[in-house]
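Notes follow once the structure below has been shown.
The values are calculated or read from the model by the stated rules, or taken from the named source; none is laboratory data. Quick caveat, the model's predicted, so the values are computed rather than measured. Cβ placement follows ideal geometry from the backbone for every residue including glycine, while neighbour counts extend to all protein chains displayed.
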Amino acid sequence: MTRVAVYGTGSWGTAFAMILADAGCEVTLWARRPEVVEAVNTTRSNPDYLPGCLLPDGVRATTDPGEAGRGAEFSVLSVPSQTLRDNLADWGGLLEPGTVLVSLMKGVELGSAKRMSEVVREVAGVGPERVAVLSGPNLAGEIAERQPAAAVVACADEDVARRLQTACHTPYFRPYTNTDVVGCELGGAVKNVIALAVGIADGMGLGDNTKASLMTRGLAETARLGQAMGADPKTFAGLAGMGDLIATCSSPLSRNHTFGLNLGRGMTVAETIAVTRQTAEGVKSCRSILDLARRHGVEMPLTETVVGIVHEGTQPLVAVGELMSRTAKAEHH
């Protein structure tokens, strides 16, 4: 039986542990808080982050990261993006020598502008064949109900991607393989920023034409950055690109869309953070994504607009006016 460690018990980490167990794996969840461990081990649930989801018997929890990773073929990382470096530094010496590190995170590190797989490789000191990412339209609340969903598992080593595909393939969860780690990660990170923009538009009472325009031009921004970084353009038309973008921009289950919705309705950033229970990755990552774009000489006006609203105090109505008054150009310029 395949042993898997999942580090992080937020909604997506918990849901993915359920998927792995349903696929026949033996799963150990690492949680920082003892009360979460107690709930998982005694009630088969994680009421703080995924209420109503009954976890399979193949899932257990511990506060000991070494115990979680013991004998694990895959070590799945599901913590907030900006905490990954510190967490992995703590766990690094406790991980099994041959374990494959799997990133569920969709962000770009502040300061370094590194993708999550780059942070993993740097801190853990492993090669690209030991790092995989999982991305796609994977809203945890729907997956917890075992509704049909698909995803992409990407690794530079195709054999590793296929092994991970087997480990998480269930009747309701269909993973596809890819070797384009860069494209899958950028699709997952940038869609959170575009979802903030779409949420803001929703909160302002703007209609479907506006939201469709934001999603389409947001995907164009993502693809431009991806091309500059060597990603495969086809990735952005797939599950890790368009698929994830549609789900995150459209669903009330999306934390980033909800965060933007509150901003568009007139709440301040501080007020919105206060009512948001879990991390909306785009709030911090928008700055690092813009930094990444500038380093590669890529123009990303939507991302720049979101940074202005979230971090520089630009009023949404003013930002929309600035965006619409940009110089006209050809669509594929």
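Just a few scattered comments:
- Test: residue in the stretch 276-289 that is surrounded by fewer than 17 Cβ atoms within 10 Å (Cβ to Cβ), charged (D, E, K, R), within 14 Å of Val108 (Cβ to Cβ) and out of contact with any strand residue (DSSP E or B) (no Cβ under 9 Å at 6 or more places or on another chain): no
- Residue list for the stretch 241-299, restricted to those being farther than 15 Å from Gly188 by Cβ and either among the acidic types (Asp, Glu) or not assigned by TED's automatic domain parsing to the domain that holds Val198 (or both): Glu271, Asp291, Glu299
- Look at the stretch 210-236: where a residue is touching a residue at least 60 places away in the same chain (Cβ under 8 Å), no partner that is of a type in the set (S, T, N, Q) and surrounded by fewer than 16 Cβ atoms within 10 Å (Cβ to Cβ) sits 6+ places away or on another chain with Cβ atoms under 6 Å.
- Among the residues of the stretch 290-324, those that are small (Gly, Ala, Ser) and surrounded by 13 or more Cβ atoms within 10 Å (Cβ to Cβ) comprise Ala293, Gly308, Ala319.
- Hits in the stretch 231-274 (condition: within 15 Å of the chain's Cα centre (by Cα) and of a type in the set (Asp, Glu)): Asp244
- Counting only helices (runs of 4 or more DSSP H) wholly contained in the stretch 43-154, the ones carrying 1 or more residues that are at pLDDT 95 or above, on the phi < 0 side of the Ramachandran plot and under 15 Å from the mean Cα position of the chain (by Cα) occupy 84-91, 116-124, 140-144.
- Cβ-Cβ under 6 Å pairs, at least 6 apart or on other chains, the stretch 158-178 side farther than 16 Å from Ala140 by Cα, far side assigned to a strand (DSSP E or B) and polar (S, T, N, Q): Ala161/Thr177; Arg162/Thr177; Gln165/Thr177
- Answer from Ala189, Ala231, Ala220, Ala195 - the residue that is in a helix (DSSP H, G or I), farther than 30 Å from Asn46 by Cα and in the same structural domain as Thr305 (by TED's automatic domain parsing): Ala220
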